[in-house]
Every structure is written in C-alpha cells, then in structure tokens.
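The values are calculated or read from the model by the stated rules, or taken from the named source; none is laboratory data. Nothing here was measured: the structure is a model prediction, and the numbers come from that model. Positions of Cβ are backbone-derived with ideal geometry, glycine not excepted, and every protein chain shown enters the neighbour counts.
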C-alpha cells in the first residue's frame, strides 16, 4: 500500500489517525501545518509546512511516496495577509479567499480540492482509520432512558438545522429545553456555558440530566471535519451535570475508546451511538 499523507492541523486527532493507520499496516507521512499541528507529529515521518506553501506541500508528499491524502485536526481560519505563500499558493489564493468567505466547511472543502486537482486522492478518516468510528448503541455500562432518547431526538433536529447553516455540530438539551448550541467557540466552551446555567434547568453532578449531541453537518462529505469526542468531552459533560453524550454512529470519531468508556462509566454517563435515519 502506498504511503498515506496526513495533513495535520491542531489537536490529538492527527496523532490518533496516524497510530490507527500504522497499526493497520500502512506507512504514513505527516505534513504538519505550522502554527497548528501538535509537536507530537515529530515521532512520525514528517515535514513542517506553512498553509500557504501549497506547491511545496505537493512536492513533499510526492517525494515521500504519497498518492492519498487525509486532512485531520483543527485548521483555524488564518489571517491571509500574514500567511507565507509560495508561487502556487499565491496563484490559488483568490480561490481560497472566496471559499473562506462562504464559511469553514467551504474552506476545508477547498483545501481538499486543491490536492485532488493536483492528482492526489483525498480520503476521510472513516476510510483510513475505521477503528476510530463510534458504532451504534451504548459504549459503556449505561444506556439512555426514554427521557434521554426524547432529548436526543430534539438535539439531533437542532444540530441538523444548524449544520445546514454551517454553524456547528453540537447541542445540549435537558427535558426538552435547548440549553446551548455550538458556534465558533467549539464543543468544550459550549459545555462550559451549560455549566453556568441555573441548576433548576439542567442536571448537576450527583443528579445528572440532559444530553450532549454531536453529528456532522449535512453538507459534509466525510473528507474534512467529522465530529470528535474524547476523554475531555466526558469530563466536561460530567462537570456540567449532563447525563450522557449521543453521537451519530459511523460518522463520529472517538479518541481513546477504552479510556472514554472507562471515564463515562466512572462518571455515570452514557455514550450512545444513534443511527442517522432513526435520529435516536
């Protein structure tokens, strides 16, 4: 199998993908984005590259035997006036700027398209590292109650509506009341807002209520930004008094599955995978 090129943004996801791919018997080369990627990428074959050095990126990937690429991790919208550009980067900049004005999802799709236009095959994490995907049903000892399932259904509807507007991938609901929706601040900050709400409308540690739901945006193609949960998500949800986390099965990534399961069991939370068509 040819080497898989991982274009690494921020966070732990690129490292988890690299580990899973190598455990599956395939070599990786990481193109680490300057100012975003975790220094941990340096344990793998890698090179650091500015977001605007598009031509250099293509050449580095070819030099390392890459024919398939994968984008993983957080890529914050840069200040384009401060981005280091090579010749190819300058040539495609108007296209990138136009995509950035349409939102983060459009920008990520544009980045993927640049590599595809240059002859690389772009794939998603689901194809490269399926072991990271959440399956259907409960992950740990707890399962959602009927009341939880009703909250999950409402939260899924909210997330779907937000996704169509390229707003966010998560919402929290308790007893039918929408507590918070995710915007540019990300899931962790959204959960912190839940914890700041009056205890009368949400759960509290020791008496958890309500759910956090994450699901991909309808327009996402799986090659860019799938929802992710990890052990920090469990800790944050527990601190906010939420009763559990529900994610779309087959379209959500779990970083550290065993650790997440153990942490959820210790906190008394459920982690549940709902089917896309069912929504519950």
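Of all residues in the stretch 60-71, those that are in contact (Cβ under 8 Å) with a residue 12 or more places away in the chain have Cβ atoms under 7 Å from Cβ atoms of residues that are surrounded by 17 or more Cβ atoms within 10 Å (Cβ to Cβ) and part of a helix (DSSP H, G or I), 6 or more apart or on another chain, in 69/61; 69/115; 70/17; 70/125; 70/128; 71/108; 71/111; 71/112.
Would you say residue 34 is within 19 Å of residue 132 (Cα to Cα) and touching a strand residue (DSSP E or B) at 6+ places or on another chain (Cβ under 7 Å)? Answer is no for this residue.
If you check 237, 215 for being surrounded by 23 or more Cβ atoms within 10 Å (Cβ to Cβ), at pLDDT below 95, outside the structural domain of residue 71 (by TED's automatic domain parsing) and in contact with a strand residue (DSSP E or B) (Cβ under 6 Å, 6 or more places away or on another chain), only one passes: 215.
The residue list 135, 140 contains one member that is touching a residue at least 40 places away in the same chain (Cβ under 8 Å), crowded, with 19+ Cβ neighbours inside 10 Å, within 23 Å of the chain's Cα centre (by Cα) and under 30 Å from residue 244 (Cα atoms), which is 140. Taking the conditions (1) within 15 Å of the chain's Cα centre (by Cα); (2) at pLDDT 95 or above in turn, residue 222 satisfies each one other than (2).
In the set (1) touching a helix residue (DSSP H, G or I) at 6+ places or on another chain (Cβ under 9 Å); (2) at negative phi, the condition left unmet by residue 73 is number (2). Scanning the stretch 118-127 for residues that are surrounded by fewer than 19 Cβ atoms within 10 Å (Cβ to Cβ) and out of contact with any helix residue (DSSP H, G or I) (no Cβ under 9 Å at 6 or more places or on another chain) yields 123, 127.
Summed over the stretch 98-116, the residues that are closer than 19 Å to residue 184 by Cβ and surrounded by 12 or more Cβ atoms within 10 Å (Cβ to Cβ) give a count of 12.
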